[in-house]
Each structure stands twice: as structure tokens, then as C-alpha cells.
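One structure is given below, encoded as C-alpha cells.
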Amino acid sequence: MHECPELVIVDEAHTCARPQGTHDSQHQRHNLLRKIAEKPSQHLILLTATPHSGKQGEFQSLLGLLKPEFEQLNLGNTDSEKERRAIARHFVQRRRADIERWMDEENPFPKRIPAEIPYQLGAAYSQAYWDVFRFVQDMIKGIGQPVNRKQRIQYWTALALLRGIISSPAAGALMLQNRAGRSEEDDGAEAEIYNPVSDSDYGQEGDSEPTQLLDKTVWTDSQANRFRELADQMDQLRGVQADKKAAEALKIVRAWLADKYNPIVYCRYIETAKYLGDILRSALPKDIVVETVTSELDDEARREKVEALKEHKQRVLVATDCLSEGINLQHLFTAVLHYDLPWNPNRLEQREGRVDRFGQSAKEVRIGLLYGQDNPMDGIVLKVLLQKAREIRESLGISVPFPENSASIIDAVLNATLLNPQSAQDYSQGTLFDTKEFTVYTDSKAKVSAAYDLAAEQQKAIRSIFAQHAIKAQDIEIDLKEVDNVIGDVATVEDFVCQAIAHLGAQVEPFKKGYRLFTQNLPGGLKDLFANKPDVLLSFKSPTPEGYRYIGRNHPLVERLSQMVLANALYPEGNRFHVGRSSVLRTRAVAQVTVLAEFRVRNVIATLQGRQELVAEEMLLWGWQGDADDADNYLTPDAAKEILNQAMPSANISPAELAYWQEEALNTLKRLSPVFDKLALERAAHLVEAHERFREALDKGHRFKVVEPVLPMDLLGLYVLVPDTTVKN
């Protein structure tokens, strides 16, 4: 922390929120950020697409990193304009609706097409499920609502077994097999453990089967024998003949692939993902690649495995929640199948958000919720939590975070299901949610609904509080466009890359939705960017078409081309890839001699109060046509740029004539030195105005002055355009 740089950018900042009821010292990420934020003159940028998990205290712990007093604000009741303005200077909220159209540019997002897809367990699987269900009912008989550590472990063990066998025969068998020989009592060294069966709001709680729960329980010999029998029973259910859930998933994936969708299939457990991946891999055509990714791989290995899929036109990814957050998958996949229902609605949005996001080239993405019609666990999760979450999202157009008290509600519902001796009969008869005795379900559903409605209202209030009134796009639009002119907009990057590659002797040509680059003649420093492939498809647009590589301003290709062109401009003329800083061109683009000069403008800017100084640097294209002594003939930067873009050589020019026009232009530049100094002062004043507009939007009171522009400006390029007066035949 002592070596911390002045500016720190924290991505996925929601993982640094302080959990409710804990202290800073109990959450190391939050504690570290709080200490960094306390440093004088520290700059901190927190980035997250999911700032609010539904727990108000956690959200405000993030706001407290911006300013300590923000943590105490009652945001739901904040009517003070002063408080709103104070927060708006530090908190920028941009929702999908805010950026779908930005500065007259369309930024398309895909349409999400959701579906709930039922399946029946099948006779053999149903028998195994209810055998395990009755076994765990006997195991927790007499516990009631678990109150002590031992009872909680028993209750969680029961849930873990049921969730495991619902997930897949592989996950269920693993849990049952590992328990068959276990009969020693847990030493009780841990004072408390967390619930490893439920799903957390965000972050990755782990995708391994929670076998540690069963290790903490004493099993009788008869229970151990029963485990063996149930494990053998689950082993007999592997494959699509007995496992109707896997068969339905295969059917869905086949249909999506036939419709040209590439799906991600999310599973809860590692064994389930590996098991399902093997089934899909063996059943689908060999030209469709199926990859499985779980937390058994480290982050880098996961990313490499996923990126390798882009080489295949059709692909299927089977993954756990280790790939539900912090990774962009929209360039590779267009559909999501929830093979295992998450027990927390926030997980739905995390998973689906991997493909339904900016940069998705498909107009529609498909979402499937696969659930068992004849098992109560899926039914309760779907009816109590997930359907309400969908309803709220469709109504508001946004996902409302899981209400913070709903975890205890769903826990109570599951507990009631396990403790209800009639559950098996009620569910098999389709009356589980209709019986008068099962009032816990209806009461809990009403509570969840009310909690969600309240959360939705709070979200509306929060959206109002954080609506960006402080910064208006139209106020800084001119400045943003000028920045694009300086560093290059999409069209400029496209033109530069194509021309630079051609100048270096390689071939790039338009191809369908972008360009095809032939890499054979590229210099080694560029060829290795494409793994020495003979040709690659490039696109300069986002969303990027399928199969193309996006080339933006910050792409290594653009960076290396810029460095190469700049370096070659300083080489002697004999260099193979010589790039001239001056040229004389005969062209039909002008009617009179035109001189264009490329300047580097440097200014030192300081605040009127204080000693802080900034160095601002920009490139300026300027010039004149005809008589340089007549100010009316001076060209604006935009006019000069337009002429330069249109100028193409139309005839050869002799060495003597070239030398003449260059000498004339250089002599004129010397004579115009006072004009250039005045131009530098005007650019400095313009730069100060832009800084003040931006500062005005963020924090009133700061004013800037120019110390002095660095004179004379640096001349980096000189181009003389001589009109071609020959008559076309």
C-alpha cells in the first residue's frame, strides 16, 4: 500500500463491499481499499456492472470509499438536492437505456428471448430421487428448525444430497460414494461454518460438491450401507436413456445449434459439468466442438481454453459459475442454458450477462431455464424466486437485486419441504403447492413477492438519485469529438491500418463484413500477433462480426504499426519502408498550390489557485492555399484534413520541381512564424476552455490559466500539393 500509485482502478468493485455485520478487518479487500482511499491526494476509480446486490449496507460500504459520509446517507429517503449533487460528483451510473444511443451513434444490444423448459425425471430417476428424499427426511427427523451447529450441518447435508442428485447422477453418486465408508465423528474444531449449499449474491463460492458437510456427520452402519445402495442406484442412471434431464439438454442444444446459436450450458457442480460435457461431446457431430471449463483450471487456463473456441464455427461451452462473472463471452456465444437452477436470482443475471451485453453481434440471444416438473426443489426455487425475478425484470426493464431477507425465506421453504412427510405424495399428485397444510410455501411466496416489490421501488428511487444531471453529453460533445480527431476515430484507425499495412508490403483487402489480411509479407513484429496464420479476418467495428478480430485504437496491431511508421519516418531514405515527413504531390484534388503543415502543440496548464501543473500536447494540421500572405487563404484544421484525405497522386513530379516547391514552402514557413505563434496561443486558450467546461461539470470553482505555450511549435510534417493541370483524355 505504501508504494500505491496515485491512481488506482478497481474492476468488479462489488466484490470489495463489506458484508453486513462485519468489520473492515474481517474483509481484507474492503479494508485495503478503505486505507488506500484515506491517503491524501489519492485517486480511486471503482468500476462495476453490479454495484447493488440487494443489501443496502454492502452498497453503502462502497459509497463510503468515495466519501466516508456517504456511507451514512439514507438513500431511499434522500430528497436533499444538496446531497444528490454531492453524490453525482462521485458516482456515475450508466444503464443500457443511457447508451443505446450516444452522441447520434446507435449502440445495439441484443433482445433476450427467455424460456422455461420442463422435463420429467423418468421412472428410474424418480424412484432414486424419492428414495434419497425419504432417506434425508429420516436423517433430520425431529430437528425442526435447526438451531445449533450440529443440526444446521445435518440440515445442510440433507439439502446438499438432494441438490447433488438433482444436478446429475455423477454429482449425486460422488457425494454418496464418498460417504459410504465415513463413520467417524467430526472433531468440532470449527466454531461455525457457512452454508455451502446455497448460492451467494456474487463472486464464486466454489463449484465443488459440498462433501465436507457429510464428513462432519456421524453415520451408523445401516446408514453407510444405505449410502452404498443409493450410490449404486445413481450410477445406473448415467446417460440419456435414464437421465431425462441430460436428454432434454441435448435436445435443446441440438435445436439451438441448428438455428445457428452457440450455447453456454451452466452447471452448479464440477462433476455435473464434466458428465454433461462428455454426453454432448459424444452425441453431437464431430465438427461441433464441446469444451468443459470448471474451477479445476486457474483463471489463465480458463481464458485460454475459451479463446481457443473462436477457431471453430460452431461451439458449445459447458461451465460452472466460475465463468459467470468477470469474463466477456459475447463474442463467442449467443445462448445460455441454465442446466442447474441457481438458488439465488442474482446468479441468473450474472450468467446471462456473459452473452447479453454490448458487443454481442447477434440480434437475439436465447435463454433457457431447465427445471424438473416432478421434484419439489426445482419447483420451489422456480416458483418462489426465479419467476418473480423475471416478472420484475420484464416490468422495469432492469434486474432488481435479490432482496436481502429472501435467503432466509427460501431456506424456510426448503426446510418445510424436507420436514413435510406428505411432500412426496403431494408432489406426485401435483398438489404440493395447493394443500392447506403447506401454508409455509404460500406465506413465503407472498413474503418474497412483497420483498421484491419493495426492492423494485428502492431501485427506482436509487436510479433517480444517481441519474446523471451533473454531466450532460451535449455539453462535452464538442470536446469528445475533438479528442476523437486527435487520437483517431473508427474511420481514422481503419484508414491508417490499411494504408500502413500496404506501405509495408503486405496485402489487406475488403472481405464481406470487414477485411482479409494476408500475413506472408508482414514484418516479424507484426506477423507474430496472428500466430503466423497465412490470413486473418479483421473488423474495425463493434459489435464485431462472427469470425473477425476487432481492431481498435488500443489493439497491439495499431500500436506496433504506429511505432514502426514513426521509426521509419526518422530512418535514412534508403530504408526499405521509408516514410517521408515531407512530400510534394501532383494531384487533381486542388486547383492551386496548397501547403499543409503538421505541428505538435505543447502547453503547460496550471490552476489559478495552487501549484498543480499539467502538460497538454496535441497534433495540429494547418495550411494555406495560394498566397500565404493573405489570411483569407488560411485553412482550418478540418479543411486541411479533408484536402489531405482526398489528395491522391495523379502524375510524376521531377526532382528539380520537387526541390523547388519544398524550398518555397520552407521559406514561407519561416516568414509566417508570428502567425504560428498566434495560432499556438489560440489553441492554448481553446484548451483551457475545454478543461473548464469539464471541470464545471464535475466540481465548480476550479479555474485554469495557461502558463505559456512552448514556442515555436514543432514541425513534424510538410506536404505540398501541386495542381495537376493536364487534360484527361
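The values are calculated or read from the model by the stated rules, or taken from the named source; none is laboratory data. Treat the numbers as computed from the prediction; the structure is a model and nothing was measured. As a convention, Cβ positions derive from the backbone with ideal geometry for all residues, glycine included, and neighbour counts pool all protein chains shown. In case anyone asks, the SASA skips ligands and DNA or RNA and just uses the protein heavy atoms, side chains included. Shrake-Rupley method; radii C 1.70, N 1.55, O 1.52, S 1.80 Å.
One table, with the values for the structure above:
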item: Tally of residues being open to solvent by 50 Å² or more (accessible area, probe 1.4 Å) and small (Gly, Ala, Ser) across region 641-661; result: 3
item: Residue in region 474-489 that is more than 30 Å from residue 87 (Cβ to Cβ), charged (D, E, K, R) and either at pLDDT below 70 or not in a helix (DSSP H, G or I) (or both) present; result: yes
item: Options 432, 517; residue that is modelled with pLDDT under 75 and open to solvent by less than 40 Å² (accessible area, probe 1.4 Å); result: 432
item: Given (1) outside any helix (DSSP H, G or I); (2) at pLDDT 85 or above; (3) hydroxyl-bearing (Ser, Thr, Tyr), number of the condition residue 492 does not satisfy; result: (1)
item: Condition check for residue 623: of a type outside the set (Ser, Thr, Tyr) and at pLDDT 80 or above; result: yes
item: Test: residue in region 337-344 that is without any contact (Cβ under 8 Å) to a residue 60 or more places away in the chain and more than 19 Å from the chain's Cα centre (by Cα); result: yes
item: Pairs, first polar (S, T, N, Q) in region 518-541, second assigned to a helix (DSSP H, G or I) and open to solvent by less than 10 Å² (accessible area, probe 1.4 Å), C-beta under 8 Å, six or more apart; result: 519/526; 519/530
item: Yes/no for residue 231 being under 16 Å from residue 368 (Cβ atoms) and in contact (Cβ under 8 Å) with a residue 24 or more places away in the chain; result: no
item: Qualifying residues in region 546-597 (those that are farther than 19 Å from residue 715 by Cα and part of a helix (DSSP H, G or I)) - the one modelled with the lowest pLDDT; result: 564
item: Number of positions in region 311-366 that are of a type in the set (Lys, Arg) and buried (at least 20 other Cβ atoms within 10 Å of the Cβ); result: 5
item: Residues of region 269-281 satisfying the condition of being within 25 Å of the chain's Cα centre (by Cα) and either open to solvent by 10 Å² or more (accessible area, probe 1.4 Å) or of a type in the set (A, V, I, L, M, F, W, C) (or both); result: 270, 273
item: Failed condition for residue 297, given (1) of a type in the set (A, V, I, L, M); (2) open to solvent by less than 40 Å² (accessible area, probe 1.4 Å); (3) at pLDDT below 95; result: (2)
item: Selection count where residues are in a loop (DSSP other than H, G, I, E, B) and at pLDDT 90 or above, scope region 523-545; result: 2
item: Residue check for residue 513: closer than 24 Å to residue 308 by Cβ and touching a Ser or Thr at 6+ places or on another chain (Cβ under 6 Å); result: no
item: Residue, most open to solvent (accessible area, probe 1.4 Å), within region 252-268, restricted to residues that are out of contact with any helix residue (DSSP H, G or I) (no Cβ under 7 Å at 6 or more places or on another chain) and assigned to a helix (DSSP H, G or I); result: 254
item: Residues of region 477-520 satisfying the condition of being closer than 14 Å to residue 541 by Cβ and among the β-branched types (Val, Ile, Thr); result: 490, 492, 493, 497
